[in-house]
Structures are given as C-alpha cells and as structure tokens.
Amino acid sequence: MAGRRRTPPPVRFDPDLGDGPLTTARQDIVIGRWQGVRDLLHATGNQWALRTHRIRLLAHAVAGSTTVETWLAAEPKSADAQVLKAATEVVRLFGRAVTAGRGAGLDRNRVDRVVDCCLRAAGSCPPDPMPWASLLTVARLYEDGTRCRVTQWWDELLRRDPHHMEGHAQLLRYYSARWHGTHGTMYDFARAAAGAAPPGSPLPVLVQIARVEEYRSVSDATHGRPVVPPRTGQQHWDHELAVTEVRRTWERWLGMREAGPVPAQEVGELNYLAHAACYAGRPAEAADAFRLLDGRAVQVPWSYTGDPAAQFTRWRRQVTAA
C-alpha cells in the first residue's frame, strides 16, 4: 500500500558481513576442505579491499584448525595459502596474548617467528598489501613498539595501496594510548588520513574509530564508570568536535560514494559511523547509515556501550522515526 513504512530487516550479526561466497568457503572449512578457500581467493584476485576482508575473516575461521597447513602441504607454492597462513598466525598470536593477560608479555622469539611468516608471505605475493597489514598488527605485541620497523612496514603498505583501510586501522591502534602511543598521536593520524582520503573512501571513519579507542582506554582506566575525558570536561560522544567530525565523515564518505549497497568489506566501518552518529545526536546521518547497513550489525563498537543487538535495534527505530 502506498505510503506504508518499510519494515526494517532483522538485525543480523553475520560473521561474514553479508559476503555470500565467503560463507560458502567457511562451510568447506567446517567439513575439513580447503579447496573452497583456495577457489574463493583465486576468484577475488587483486581486489585488495575485498581480498583483505576475506583473508582477515578466514584467518579467524581456520585459526583453530590445520586447514591452512593442509592447504600449504598440498600446494606449497601457493601465494594465497602463504598470505592466509601469515594472517592466521597473527590471529593465533593475539589469542596467546589474550590468554596470557595484559602486561604478561610474549616470548620475543615467538613474535619474531610470526613476523618472519608475514615477510615470507609478502615475498610470495609482492603486490598484495595484506601481509604488510598483518605486520602492522603484530607490531603492537612488541614491548618496545619497534617504531623503526613499523615505519618501514607502513611505507611498504602505502606503496601497494595508499588507501588500505585495514592497514590504516591497524596503525591507528598501534598509535593508541592502549598500545604504543597517545590519544593525541592517534587522533592526529586519523585526521590526517581522513583529510587525504579520496572522495567516497571509508577512511574518514578512522576518526570515529579513534574516538571508540579513546573511550575504551579511559573506560578501562575508570573500571567501567561513566567516561568524561578530562581534556574536554564534556561528554565523550556529543561535544562539539565529535559532532562536527561525524558530519564530516558522512560528507566525505557516504555523501560522495556511488549509489548502491555498501559492500561487505565496509560494513564494519559503517557500524562505527552509525554508532557515532547516534551518540552524537545526528539522526539524519545515523538513519542513512542504518539504511545502507540493511540490518548487518557487528559487535564492536556497540558492545562498548551496552548490549549490541538491543542498541542497534533501539537506535535504528529512534533515528528512523526522527
């Protein structure tokens, strides 16, 4: 009937973010087959953003199994298998770090071995930025920060893809106060990358990712009490600069992208923008983000401010009505 409001789609915490071919490959992993993963990465080719998204999620899917090792044993010269192996070793290393607990540290030799695995992957597929993003992720686990190597790895990534979202996000976290930097260093990096991003790129959302990182850092320090950053004396999400930056991100990214659905590799970033717009009191931008998400939700950042599914549903209803 004309004028009837469309029923919103159900909230879906899909681990593949709506990427159907990736879901099919995951099903192969469950039954012990690696061939579906090989075929998926071959079909992805050099679509670097999509390839990075798929390798990152596949690494989590195979980390608890021997799938990637079985593939490498069958096809030891496969560059795709080498790149996935490196990303998988990074996931396993972070799993060990979580088990050990913050501040416990990891054996330096173990971290070095993962770095060597990433460097071999980079050599097996020279044009691919993903091994360098994996290295930027590992850098956080060095106690001294290994700043000079980070600079080298960052330069190598930029040579291959100067607007690589995953690589930028990993370096932002390296620069955060929770790891080897400060809030100021992290925001400077995020704002510089946002300002240099081409029209329609998701990179401007790095500023909103930085705001979530700051919230997490301060929240950890206050043991869960309400966060009011001392540098502003205002609420974390809705002070003047935070609101302005939500608007800028929408303009530079969603306001300049081609019409059509948001691809799976940008769903995580779009959840950051939706979350920021809701808490900044920008219902128009939030409603646009929810429309493009079409029900595709992720745990972070929603989990930092409450129950993810309940928040996603409540805020979507509120901003749509507004």
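Could you give the nm distance between label points at D294 and T182, where each point is 7 Å from its Cα heading toward the beta carbon?
4.5 nm
With a 1.4 Å probe and all protein chains in place, put T151, T305 in order of accessible area, largest first. Provide the component values of the computation, followed by the final result.
Values: T151 70, T305 35 Å².
Result of the area sort, largest leading: T151, T305.
Just to verify a number: what accessible area does D188 come out at with the full protein assembly present, 1.4 Å probe, Å² rounded to tens?
100 Å²
Can you tell me the order of 161-170, 46-55, 32-41, 202-211 when each peptide is scored by its average per-residue count of other Cβ atoms within 10 angstrom, highest first?
Numbers: 161-170: 22.7, 46-55: 20.2, 32-41: 17.8, 202-211: 26.0.
Per-residue mean Cβ counts within 10 Å order the peptides as 202-211, 161-170, 46-55, 32-41.
On a 0 to 90° scale, report how tilted helix 79-100 is relative to the longest principal axis of the chain, with both axes built from alpha carbons and the result rounded to the nearest 10.
Computed tilt is about 70 degrees.
For the stretch 74-173, report the accessible area per residue in Å² (1.4 Å probe, heavy atoms, rounded to an integer). Intermediate results must be reported in sequence, preceding the final value.
Values: 4350 Å² over 100 residues.
On a per-residue basis, 44 Å².
Quick one: Cα centre-to-centre distance for the stretch 254-322 and the stretch 153-223, in angstrom?
Computed from Cα coordinates, the inter-centre distance equals 19 Å.
Put Y187, Y304 in order of accessible area, largest first, 1.4 Å probe: what do you get?
Numbers: Y187 10, Y304 70 Å².
Final ranking, largest accessible area leading: Y304, Y187.
Would you mind checking the tilt of helix 206-221 against the longest principal axis of the Cα atoms of the chain, expressed as 0 to 90 degrees and rounded to 10?
90 degrees
What value, in deg cm²/dmol to 500, does the helix sum -39500 (n - 2.57) over DSSP H runs of n ≥ 4 give at 222 nm once divided by the residues of the chain? Write out the running numbers ahead of the final one.
Details: 15 runs with 197 residues, N = 322.
Taken over the chain, the calculation gives -19500 deg cm²/dmol.
Give me the angle, in degrees from 0 to 90, between the Cα long axis of helix 165-174 and the longest principal axis of the Cα atoms of the chain, rounded to the nearest 10.
The angle comes out near 90 degrees.
Test of understanding: what is the full-extension gain from S65 to D144, defined as 0.36 nm times their sequence separation minus their Cα-Cα distance?
On the way: separation 79, 0.36 × 79 = 28.44 nm, distance 3.13 nm.
My answer for the length gained is 25.3 nm.
How high is the FRET efficiency between L119 and Q35 when r is their beta carbon distance and R₀ equals 25 Å, given to the nearest 0.05?
Values: r = 27 Å, r/R0 = 1.08.
Efficiency at R0 = 25 Å is approximately 0.40.
Which of the peptides 235-242, 312-319 is most tightly packed, and how do the rest follow, going by the mean number of other Cβ atoms within 10 Å of each residue?
Details: 235-242: 15.8, 312-319: 18.0.
Put in order of decreasing packing, that is 312-319, 235-242.
In nm, to one decimal, how far is the A221 label point from the L106 one, both placed 7 Å along Cα→Cβ?
About 2.6 nm separates the two model spin labels.
Can you give the FRET efficiency to the nearest 0.05 for A192 and T313, using r as the Cβ-Cβ distance and R₀ = 35 Å?
Details: r = 36 Å, r/R0 = 1.01.
Efficiency computed from Cβ-Cβ geometry: 0.50.
Give me the percent of the accessible area of the chain that comes from carbon and sulfur atoms, probe 1.4 Å, all protein chains in place. Can you show the working numbers first?
On the way: 7850 of 14850 Å².
Exposed carbon and sulfur together represent 53 percent of the surface.
The values are calculated or read from the model by the stated rules, or taken from the named source; none is laboratory data. Computed from a predicted structure; not experimentally measured. Don't worry about glycine lacking a Cβ; one is built from the backbone with ideal geometry, like all the others, and counts go over all protein chains shown. SASA here: full protein model, heavy atoms, side chains in, ligands and nucleic acids out. Shrake-Rupley method; radii C 1.70, N 1.55, O 1.52, S 1.80 Å.
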